[in-house]
Structures are given as structure tokens and as C-alpha cells.
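Working notes, structure below.
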Amino acid sequence: MANNPSARKRIRQNEKRNERNTARRSRVRSFIRKLEDAISGGDKAAAQAAFQAAQPEMMRAADKGVLHDNTVARKLSRLSARVKALGAPAQG
């Protein structure tokens, strides 16, 4: 167990940070889930609106260090491509 004041403070800070990061990660997942639902529903307008809402939240998570920058960039790129493909005719 922590036995000096600085270690106790560090534990308190870590607990607060953990709560914040967990909440932010959960929030990002919720936005992504709404976007996935809109994409699977086939409604391009709803999907674009959901993407517009999810993008800043995901970027904020990257800025705060909750998610890695490249992870967010990759996910946004893939989601954007899926939204864009909704209105296009099937290829292949």
C-alpha cells in the first residue's frame, strides 16, 4: 500500500483519470455504434449525420490520449468509406 503522501496523491489522480478515460472510451463506442446502425440501415443521410457527430468525439479521444492517433485515423477512414459507399451502386 502507498505509504507516503505523493504515492497516495498519485493513486487518487490515477483513479480520476481512469474514470474519465473509461467514460470517454464508452462515449466514443456509443457514437460508433450509432453510426454502424445508420450504415446497416442503409440511410445515407442518417449515416452522414452520425459520422459528423462521431468524428469530433473520436478526434477528442485521440487528443486526450485515450485512443492512439493512428487508430482513430484508421477507423475514421474506414467508416467514411462505408458511408460514402452507401449511395453508390454496387461494383464488381
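We did not get these values from a lab; they are worked out from the coordinates using the rules stated. Fair warning: this is a prediction, and the values are worked out from it, not measured in the lab. All Cβ positions, even for glycine, are placed from backbone atoms using ideal geometry, and neighbour counts span all protein chains on display.
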Check your understanding: Which angle between 0 and 90 degrees, to the nearest 10, do you get for helix 44-64 versus the longest principal axis of the chain when only C-alpha atoms count?
Key -> 20 degrees
Point to revise | Sequence-separation-based contact order of the chain, relative, with Cα cut under 8 Å and 6+ spacing, percent | key: 27 percent
Exercise for review: Fewest Cβ neighbours within 10 Å first, please rank 35, 79 accordingly.
Suggested key: 79, 35
**Study point:** 17 Å Cα cut-off, lysine pairs counted over the chain (separation 8 or more, or different chains)
**Key:** 7
